[in-house]
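Here it is, the structure, as structure tokens.
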Amino acid sequence: MNYTLHQLQVFFKIAQNESITKAAEELHLTQPAVSIQLKNFQNQFDIPLYEVIGRKIYITDFGKEVAQAADKILNEVHAIDYKKSAFKGQLAGKLTISIVSTGKYVMPYFLKDFLEMNQSVELIMDVTNKSTVIEHLEKNVVDFALVSVLPENMNIEAIPLLENKLYLIDDCNKNYKKKEQNHSLLEKIPMIYREQGSGTRLVMERFFKKKNLSVTKKLELTSNEAVKQVVIAGLGASIMPIIGVKNELLSKELQVVPIKDFPIESTWYLIYLKNKNLTNIAQNYVEFIQKEKNRIIKDYFNWYKDY
């Protein structure tokens, strides 16, 4: 056997994604390059690792066993790299974070400088909805989570990062009066919802219940980006974090509708389990955030003050 670490990595990504295209994207390679590496890897085995039916690739049972072994080998190689960095006095290892989907407009800015200062730190960040984020935290499979609604009945530490402002957003072809609108407007327009488990949806529904509003749900979508596109298309309005629509407001595709008691305000929190034995990297990250938070807000979120 003369297969290389690169071939192991390529095959593992193909098996993980069940797609040569997706594997190529994640590895920043061309599809032909990935296909060649797959062929060369398969040539070293007299048992099929995969089969192609139509245009879809299927990993065989043997291929799945090889992929699991490849994952273990690659992790051991990463561990060697981490140990080398540690001996050189550098932070080295993995930092794992699970964030709610709209948190992708926030979290990268609180990570950028830390990762640039610590080149041997590998970031693994999962972007999903609030219920899955909390599940990851409960199972202790991540170092941190980013949420805008704190979980109930969980023993956590919470570091406030940034104010979260939610506004009523609609497309710019609608003509609203510039003066503040009454809550009854929300009962007259079709509303676009996020899916169950979304923190944004939870905040919306709490507001509607508090104000005793009967709102028409037009559509339910599973991502903030999908909600934006549907609102831009004129299919309805939505209550959205202002941080996720900055570019669309500047390009005049979306508008903030002035309405009483808006914005609805919450806070983005970086949270972790209380009494958790933080890794050296995680502890250093907490210290970094506590020291640099205000500077990061000033550097990257100064525009926020205009809303």
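Taken together, the values in this text are just the output of simple stated rules run on the coordinates, not laboratory data. No experiment lies behind these values; they were computed from the predicted model shown. Cβ coordinates were reconstructed from backbone atoms using ideal geometry, including for glycine residues, and neighbour counts include every protein chain displayed.
Once the Cβ-Cβ distance between residue 2 and residue 276 is put in as r, and R0 is 41 Å, what FRET efficiency do you end up with, to the nearest 0.05?
The value I calculate is 0.40.
Right, another one. Test of understanding: what is the full-extension gain from residue 216 to residue 72, defined as 0.36 nm times their sequence separation minus their Cα-Cα distance?
Separation in residues times 0.36 nm, less the Cα-Cα distance, equals 46.8 nm.
Another question about this same structure. Just order 260-273, 293-306 by mean Cβ neighbour count inside 10 Å, highest at the front, would you? Could the numbers behind the result be given before it?
Working: 260-273: 17.6, 293-306: 12.1.
Ranked by mean Cβ neighbours within 10 Å, highest first: 260-273, 293-306.
For residue 298 and residue 40 in one chain, what is 0.36 nm times their gap in residues minus the Cα-Cα distance, to one decimal in nm?
87.7 nm
If I stretch the segment between residue 223 and residue 176 completely, what's the gain in nm (0.36 nm per residue apart, minus their alpha carbon distance), one decimal?
Difference between extended and current length: 14.3 nm.
Based solely on its DSSP helices, what 222 nm [θ] is calculated for the chain when runs of n ≥ 4 H residues each add -39,500 (n - 2.57) and the sum is averaged over all residues, nearest 500 deg cm²/dmol? The partial results should precede the final answer.
Details: 10 runs with 127 residues, N = 307.
Estimated from H runs of four or more residues: -13000 deg cm²/dmol.
Additional query: What percent does the relative contact order of the chain come to when contacts are Cα pairs within less than 8 Å and at least six residues apart?
20 percent
A 20 angstrom limit on the alpha carbon distance is what I want to check against. Which of 174/260; 39/64; 22/64; 104/217; 13/39; 165/228 exceed it?
With Cα atoms farther than 20 Å apart: 104/217.
Tell me the GluC sites (Glu not before Pro) within the range 174-263 that lie in a loop according to DSSP and have at most 10 other beta-carbon atoms within 10 Å.
Passing sites in the range 174-263 do not exist.
Relative contact order for the range 5-87: what percent, with Cα pairs under 8 Å and sequence separation of 6 or more?
Relative CO of the range 5-87 lands at 32 percent.
From the P(r) of the chain, could you give the percentage of C-alpha pairs in the tail past 28 Å?
More than 28 Å apart: 54 percent of the Cα pairs in the chain.
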